[in-house]
């Protein structure tokens with residue numbers, strides 16, 4: 001079963017907050033700089049999309065029963081250094097960004113990565129395995145190739161009612 005991925009101008013759109021952590025094991029003087037963070041998402045047999053970093057945030061629980069997600073902006077996402085021999089960690093808010101369709105031979109729209117909550121949940125519910133694959137892609141100024149890491153999240157209960 002296929003579900004529409006393209007947005008029709010209406011949200012809400014899916015966003016993700018991910019704790020990104022870096023360790024620079026280099027000797028003194030071998031500092032590093034994070035240039036860019038991206039998040040690729042694949043729902044088992046369904047939709048695939050890629051988000052870009054937008055902000056660094058803090059998250060906490062809130063509300064009278066503690067079930068509300070409280071998100072506060074720390075600053076806009078921008079390159080940052082990692083001094084040799086140190087570690088850095090922050091929560092990154094990833095959000096939709098226009099897709100670059102220049103030179104694409106396959107059907108492509110700038111709005112392809114604007115995934116609505118409804119289409120995301122429908123795609124997850126229709127998948128056989130109910131697994132979401134997350135792949136963080138990090139670019140460093142000092143490296144020619146990005147760094148990739150993946151994790152898989154299995155969803156057992158889709159009761160969002």
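So here's what we get for this one:
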| item | result |
| --- | --- |
| Single residue of the range 69-100 satisfying the filter (modelled with pLDDT under 90 and in a loop (DSSP other than H, G, I, E, B)) that is surrounded by the most Cβ atoms within 10 Å (Cβ to Cβ) | 99 |
| Tabulated pairs, the range 83-104, first closer than 16 Å to residue 34 by Cβ, second part of a strand (DSSP E or B) and at pLDDT below 95, C-beta under 6 angstrom, 6+ apart or interchain | 91/59 |
| Residue that is farthest from residue 59 (Cα to Cα), among those in the range 10-24 that are modelled with pLDDT under 95 and surrounded by fewer than 15 Cβ atoms within 10 Å (Cβ to Cβ) | 10 |
| Members of the range 143-154 found to be in a loop (DSSP other than H, G, I, E, B) and loosely packed, with under 12 Cβ neighbours inside 10 Å, listed by number | 143, 144, 145 |
| Pairs where the first residue, in the range 141-161, is under 22 Å from residue 50 (Cβ atoms) and the second is in a loop (DSSP other than H, G, I, E, B) and at pLDDT 95 or above, C-beta under 9 Å, 6+ apart | 141/79 |
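The values are calculated or read from the model by the stated rules, or taken from the named source; none is laboratory data. This is a predicted model, so every value here is computed, not measured. All Cβ positions, even for glycine, are placed from backbone atoms using ideal geometry, and neighbour counts span all protein chains on display.
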